[in-house]
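The values are calculated or read from the model by the stated rules, or taken from the named source; none is laboratory data. These figures come from a predicted structure and were not determined experimentally. All Cβ positions, even for glycine, are placed from backbone atoms using ideal geometry, and neighbour counts span all protein chains on display. What goes into the accessible areas is simple: the full protein's heavy atoms, side chains included, and nothing from ligands, DNA or RNA. Shrake-Rupley method; radii C 1.70, N 1.55, O 1.52, S 1.80 Å.
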Amino acid sequence: MSLDTADWPTARLCAFIAELDFEQIPPRVVHFAKGLMIDWLGSTLAGKGARQVEIIDGFARAMGPADGPSIVIPTRRRTSPYFAAMVNAAASHVVEQDDVHNGSVFHPAAVIFPAVLAVAEAEEKTGREILTACIAGYEVGIRVGEFLGRSHYQIFHTTGTAGTVAAAAAVGKLIGLDAAGINHALGSAGTQAAGLWEFLRDAADSKQLHTARATANGLCAAFLARDGFKGAAQILEGKKGMAAGMSSDADPARLTDGLGSRWATEETSFKWHASCRHTHPAADALQSLMRREGLGQDDIADVVAHVHQGAIDVLGAVDIPQTVHQAKFSMGTVLGLIAVHGVADLDAFERHALADDRVARFHSKVHMEIDAEVDSLYPKQWVGKVSVTTIGGRKLNARVDEPKGDPGNTLAKQELEAKAIRLAEFRGGATADEMRRCIARVWKLDQPGSTSDIVKF
């Protein structure tokens, strides 16, 4: 890397990742990353049997090797790292329980862990190398998402775009690329980055394709760079790079914000409800209000969810949901499940989201309104505010500043493990005992001698 390019934001980001050593990472961040991995593993197992995942796995079976070093987690078969990463990424995003980073509006786990673990199995990497690579991916992907800004998210699914770059950075770190090599990997990743929100309008399956392709394309980009394939040096901030084509408010300073001092990994939120994260703040607020006031669903005449513009951009595309997955992007359905059943978990969606007339009736009582305060705080903070009018005419309000799972209201270790076990058992991906053994291996991943042999049933 020449002196005249070394100060470019992308170059500085790549240099940080190349030089990152496990010992530089604070122990609290390492611990948090292990929790994120456990959470991701549960989501991946919950994707077993999902129609979208089976179709992508069918493609992988037809196009990829029938055996290999890397596990396809939902089916337990083995294939190449490329195809294992692809299927696992799709599986981990289908039930809408994977993690999210507020400020970047990005789901890191679904694109970073599949790529890193698939490659680590093939190349026999240590637990510490795995954790370092995953944290590197989080630090890059989150910053790229923040750099691309709010305008990007109006049209583009950041997990598909920033996620491709994150996967490339993570795998690049895992396989030992230097700063120039990581820059080439990011260049090749960025030119493949894609993911559009149009799929929500007609309940298409694109969201799982976004994670599948992001992790696979990022993996591909890193391996191409290892073999000398060159990528654009300024694919992020260049005149014809990602920001130029995908954003109107990109801020290059966000790419290097606090490198080495701010650990964006630990800012990541766990998802409590099994729905789009944009529904969670209002769901928590309504749940709090109903408990506080002792209300049932039949006591409520009208609900206003006061939201940020991003929620309207994404959730506004869904009127009457046609599938369970689309219902996870319906504010009315999510609040209906909270009001009628008290929860919006996987079981509630599967059993009641489309089939329960009471949920449908409550759906008709709900509407969203842009709120200036909520919008001004987003995306750094996702505030939940609801206004309820009761059948008797009472006007009630509730507010939640940190939804369940946010860093300031994060899951306790017991809650995290219990969630992962519930997810594993949801479609028979693993038994509770099998999942507990996997969880134990992940918690020990930073110990000397720990290897990539995490997912062993």
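Below 8 Å, C-alpha to C-alpha, sequence gap of six or more: please give me the relative contact order for the chain in percent.
Working: 994 pairs, mean separation 91.6, N = 457.
Across the chain, relative contact order equals 20 percent.
I'd like the Karplus ³J(HN,Hα) series for region 306-313: coefficients 6.51, -1.76, 1.60, θ = phi - 60°, whole numbers in Hz, and an x wherever there's a Gly or Pro.
My calculation for region 306-313 gives 8, 10, 7, 5, x, 5, 5, 4 Hz in order.
What are the DSSP H helices in the chain that stretch 24 Å or more along their long axis, judged by alpha-carbon atoms, and whose average Kyte-Doolittle hydropathy comes to at least -0.5? Can you show the working numbers first?
Values: long enough: 27-46 (29 Å, 0.64); 127-155 (37 Å, 0.21); 206-226 (30 Å, 0.09).
Qualifying helices: 27-46, 127-155, 206-226.
Skipping prolines and chain starts, which residues have an amide H placed within reach, meaning under 5 Å, of the one on residue 301, given they are 5 or more residues away or on another chain?
Here the answer is 389, 390, 391, since their amide H atoms fall under 5 Å of that of residue 301.
Which shape class, rounded, prolate or oblate, goes with region 38-195 when its Cα gyration tensor gives a ≥ b ≥ c as root eigenvalues, a/c under 1.5 marks rounded, and past that a/b bigger than b/c marks prolate? Intermediate results must be reported in sequence, preceding the final value.
Values: a/c = 1.66, a/b = 1.21, b/c = 1.38.
Oblate, since a/c reaches 1.5 and b/c is not below a/b.
Please give the FRET efficiency for residue 55 paired with residue 396, using the beta carbon to beta carbon distance and R0 = 51 Å, rounded to the nearest 0.05. Spell out each step's value before the answer.
Working: r = 45 Å, r/R0 = 0.88.
Approximately 0.70, to the nearest 0.05.
For a test of the definition: using alpha carbon positions, the gyration tensor, and the 1.5 limit on a/c, classify region 1-121 as rounded, prolate or oblate. Intermediate results must be reported in sequence, preceding the final value.
Details: a/c = 2.11, a/b = 1.63, b/c = 1.30.
Prolate.
When the accessible area of region 214-308 is computed with all protein chains present and a 1.4 Å probe, what percentage of it is carbon and sulfur? Don't jump to the answer; show the numbers that get you there.
Values: 1760 of 3630 Å².
Whole-percent figure for carbon plus sulfur exposure: 48.
To the nearest 0.05, how large is the calculated FRET efficiency for residue 372 and residue 317 if R₀ is 25 Å and r is the Cβ-Cβ distance? Before the final figure, lay out each step's value.
Values: r = 23 Å, r/R0 = 0.90.
So, using R0 = 25 Å, E works out to roughly 0.65.
Under the classification rounded if a/c is under 1.5, otherwise prolate if a/b is larger than b/c and oblate if not, where does region 342-423 fall, given a ≥ b ≥ c as square roots of the Cα gyration tensor eigenvalues? Present the calculation step by step, with values, prior to reporting the outcome.
Details: a/c = 2.22, a/b = 1.11, b/c = 1.99.
Since a/c reaches 1.5 but b/c is at least a/b, the shape of region 342-423 is classed as oblate.
For region 366-457, what does the relative contact order come out to in percent, with C-alpha contacts under 8 Å and a separation of six or more? The partial results should precede the final answer.
Working: 66 pairs, mean separation 12.5, N = 92.
Here the relative contact order equals 14 percent.
Report the label-to-label distance for residue 229 and residue 154 in nanometres (one decimal), using points 7 Å from each Cα along the Cα→Cβ vector.
Inter-label distance under the simple model: 3.4 nm.
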